[in-house]
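Okay, structure first, notes after.
Derivation of every value follows stated rules applied to the coordinates shown; laboratory data play no part. Everything numeric here is computed off the predicted structure, so don't read it as measured data. Here the Cβ is made from the backbone with ideal geometry for all residues, glycine too, and neighbour counts use every protein chain on show.
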Amino acid sequence: MDSLLLERPNQANTGYKKPLEINLDFLVGSYKSKTVLANLEVIDEDIVANLDKVLEIKPDLYEAWYNRSIALVNLGNLEEAIANLDKALAIKPDLYEAWFNRGIIVGCLKQSQEALASFDKALEIRPNKYEAWFNRGITLYDLGRLEDAIASFNKAIQFKSNDYWSWYNLGIVFYDLGHFEEATNSFDKSIKLNPNISKGWYCRGIALGQLKRLQEVIISFDKAL
């Protein structure tokens, strides 16, 4: 069968490949408290230096370790950021934001099994957070656990039914499993939410092609252009 992994000649406008990859744009921002406020107008090197001074006095201040991890991510120091999140979690193991961000960062480092464990921890604390279910779905897809990925995307949709990308990703996974009717229905949902994103139209056309609904394929590809 045709694969959604294939690139189209005009990829910038229409082609897409797979569920969204985990990226650092998903990170939860600085943790604010009366004790530590990350000053976003200060460059990240200064934030790290200022937090180092705070941690010399109060090494058990989990907010400082957490905010330091955000600054380190902005500086590109992902491994050290993970170590800082681990410090925060050693002090406050029920900090959802730290588990979630840890999952995002290790996912960016292609450590999918560890990312999954972090998202699972985050969801133990806040089981209604759609973004954790969403990124867990991506991680499960990367691990080749497609049925489990479907379950995670469905949970994300349960908590945020108007999320375009959850429906889109669900369509991709259904397609990869050969469930073309379900894939088409999922792409239909995503298009209804945002008809201006060409990826959904293109993938809908590919799925419809597998169902031999050729007139609808043409309409979908025209919309994707």
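Take the residues in the range 199-212 that are more than 16 Å from Lys189 (Cα to Cα) and either free of Cβ contacts under 8 Å to residues at least 24 places away in the same chain or hydrophobic (A, V, I, L, M, F, W, C) (or both), then tell me which one is surrounded by the fewest Cβ atoms within 10 Å (Cβ to Cβ). Looking at residues that are more than 16 Å from Lys189 (Cα to Cα) and either free of Cβ contacts under 8 Å to residues at least 24 places away in the same chain or hydrophobic (A, V, I, L, M, F, W, C) (or both), I get Lys212.
Just one of the listed residues (Asn169, Asn185) is under 21 Å from Asp148 (Cβ atoms) and either without any contact (Cβ under 8 Å) to a residue 24 or more places away in the chain or touching an Asp or Glu at 6+ places or on another chain (Cβ under 8 Å) (or both), namely Asn185. Highlighted here are the helices (runs of 4 or more DSSP H) found entirely within the range 123-196 that include at least 2 residues which are aromatic (Phe, Trp, Tyr), buried (at least 17 other Cβ atoms within 10 Å of the Cβ) and more than 15 Å from the chain's Cα centre (by Cα): 164-176, 180-193. Filtering the range 84-110 to residues that are surrounded by 24 or more Cβ atoms within 10 Å (Cβ to Cβ) and over 13 Å from the mean Cα position of the chain (by Cα) leaves Asn84, Leu85, Ala88, Ala98, Trp99.
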